[in-house]
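The values are calculated or read from the model by the stated rules, or taken from the named source; none is laboratory data. On a predicted model such as this, the values are computed, not experimentally measured, just so you know. Glycine gets a Cβ as well: all are built from the backbone with ideal geometry, and neighbour counts include every protein chain shown. Surface accessibility is based on the protein's heavy atoms, side chains included, excluding ligands, DNA and RNA. Shrake-Rupley method; radii C 1.70, N 1.55, O 1.52, S 1.80 Å.
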Amino acid sequence: MLQLAKDFIGLFYPEVCICCGEELVAKENLVCTMCVYKLPKTNFHNIADNPLAKVFWGRADVHAVSAYCHYQKGNMVQDLVHELKYKGKQELGVDIGNWYGQDLKTSELFNKADYIIYIPLHPKKLKKRGYNQSACFAEGLSEAMGIPVLHDALVRVKNTDTQTRKTRYERWENVEGIFKVDKAEELKGKHVLLVDDIITTGATIEACLLELNKVPVKAVSVAAIGCADTITSI
């Protein structure tokens, strides 16, 4: 009955793809199949020394680093992340996690992780937004990969300014010392998959890596929805 009601409403108010605006068909949710196919994927998950992984060389100990898509101003990935972060579309984060999880579960660099954890928001920001977009992404990855999410493994202890329009050095200063590990016993000796939405300079990820390696964990791999082309071209 619910599906019949949805179909009836769809006759007058059809659901459309948030990327291209075309009407969605059965089993499509928020994004049409064609737009998912057209996403600018990096395929970094199959390359150990990919351009994104090289960004962290000499900065922090990390097993592997990848991002699902290339992120740049005006492309559809920016639209997706905007809808996820600011339009309340939590299910979109789960969907993206499922899409990428299908790739990561076939990658030897990522499919041996014991836990998935995510970059935390400060409690004030979490209360204002109502959810953590990176946690949504983590849930989708977990569903696809069969790896459990360890919630609240990392805690943000300082409420920092937005990273937007900050220089690389300012971003690093902005996140220095703002994270702490809150579930060290569960993480000790484990391979952890740390996830975030977008990697721009890598400062936030680096700050988390430094704390996780103090535990110490066995290894940390990193996965994100997108990475800025400016960081991989350095």
(request) For Gly74, indicate whether it is within 16 Å of Cys227 (Cα to Cα) and surrounded by 21 or more Cβ atoms within 10 Å (Cβ to Cβ). (result) no
(request) Collect the residues in the stretch 100-125 that are more than 12 Å from the chain's Cα centre (by Cα) and in a helix (DSSP H, G or I), keeping them in residue-number order. (result) Gln102, Asp103, Leu104, Pro123, Lys124, Lys125
(request) Give the residue that is surrounded by the most Cβ atoms within 10 Å (Cβ to Cβ), with candidates limited to residues of the stretch 86-99 that are assigned to a helix (DSSP H, G or I) and in contact with an Asp or Glu (Cβ under 7 Å, 6 or more places away or on another chain). (result) Gly97
(request) Could you tell me which numbered condition Ala113 fails, if it satisfies all but one of (1) of a type outside the set (Val, Ile, Thr); (2) free of Cβ contacts under 8 Å to residues at least 40 places away in the same chain; (3) in contact with a Leu (Cβ under 7 Å, 6 or more places away or on another chain)? (result) (2)
(request) Taking Asn43 as the residue in question, decide whether it is polar (S, T, N, Q) and surrounded by 15 or more Cβ atoms within 10 Å (Cβ to Cβ). (result) no
(request) Under 6 Å between Cβ atoms, at least 6 apart or on separate chains: pull out the pairs that start in the stretch 181-194 with a residue that is at pLDDT 95 or above and β-branched (Val, Ile, Thr) and end on any residue that is assigned to a strand (DSSP E or B) and open to solvent by 40 Å² or more (accessible area, probe 1.4 Å). (result) Val192/Tyr115
(message) Against the definition (more than 17 Å from the chain's Cα centre (by Cα) and assigned to a loop (DSSP other than H, G, I, E, B)), how does Lys128 come out, yes or no?
(response) no
